[in-house]
1. Using just the Cα positions, wrap the stretch 30-75 in a convex hull and report its mean projected area in square nanometres, one decimal place.
2. Using label points projected 7 Å from each Cα along Cα→Cβ, tell me how many nm separate LEU200 and LEU73, to one decimal.
3. Hey, what's the stretch 31-162 come to in accessible area per residue, 1.4 Å probe, Å²?
4. Report the accessible area of ASP138, computed with a 1.4 Å probe over the heavy atoms of all protein chains in place, in Å² rounded to the nearest 10.
5. When a/c is below 1.5 the answer is rounded, else prolate if a/b is larger than b/c, else oblate, so apply that to the chain with a ≥ b ≥ c taken from the square roots of the Cα gyration tensor eigenvalues.
6. Which residues does a label at CYS103 reach in the stretch 137-156, if reach means a backbone N under 20 Å from a point 7 Å past the Cα toward the Cβ?
7. If you take the Cα Rg of the stretch 17-56 and divide it by 2.2 N^0.38 Å, with N the number of residues, what do you get?
8. Hey, any idea what % of the stretch 51-196's accessible area is carbon plus sulfur with a 1.4 Å probe?
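The values are calculated or read from the model by the stated rules, or taken from the named source; none is laboratory data. Owing to the predicted nature of the structure, the values given are computational and were not obtained by experimental measurement. Cβ: placed from backbone, ideal geometry, glycine included. Neighbour counts: every protein chain shown. Quick note on the areas: whole protein, heavy atoms, side chains included, nothing else; ligands and nucleic acids left out. Shrake-Rupley method; radii C 1.70, N 1.55, O 1.52, S 1.80 Å.
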Amino acid sequence: MVRPGWDGRVRPHDLLWGLTHEHLPGDAPDWCQAALHGQPPAVVRRAPPRPGWVAVGLRGEQRGERYACWLPLAAVGRALCPEQLRACTPPDAAGLPVWQALCLARDILEGSGLTWGVTGSAAFELACGRRVTHAGSDLDLLLRTPEPLDPAFARRLLAQLARAPCRIDVQLQTPRGGVALAEWARAPARVMVKSEQGPLLLSDPWKEG
């Protein structure tokens, strides 16, 4: 379903339906055609804004099959954000470590007071049911942090999540872009920020530049 009240604006990690063969450029890899079978979602990626279009990534069957392209906003028929996936029932809750980790993360994060969601391969599988996770999959999560996060709190959160049976990678969504929770927890002088303009080294990712 399209997000309630969706105004056409998209954010990194949102999943969008509507990408078809006609949106692929002529030099797209051959695997892209097969990847669009069943009309799977594409994930919003960071890129400089392009009016009327949204930068997306297409996932293939193999680990290295990722293709960056553009989707017209007018073609989007459905949208899901990471927060909408956090309450979804894993397809194999008692099986793969990634789903066990999600159950643990849900218990921890629901009491944190933070807005969070699921991204990466787990989000893709929850959204469309296509099996892409495996025994070695990590769990990727997003925390919405419009206000500065105390590094000490970040360290405590990391320690709690470290009990999971697989690696959990958490990204903070700050006003300037994405920041790895693990990096912010170390309280360095500057952190790497993933922005629409590319990677930035900033001392304060909450300070508007």
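1. Mean projected area for the stretch 30-75: 3.5 nm², to one decimal.
2. In this crude label model, LEU200 to LEU73 measures out at 2.1 nm.
3. Working: 6140 Å² over 132 residues.
For the stretch 31-162, the per-residue accessible area is 46 Å².
4. About 60 Å², rounded to the nearest 10.
5. On the way: a/c = 1.81, a/b = 1.26, b/c = 1.44.
It is oblate, given that a/c is not under 1.5 and a/b is not larger than b/c.
6. Backbone N within reach: 137-141.
7. 1.22
8. Ligands and nucleic acids excluded, carbon and sulfur reach 51 percent.
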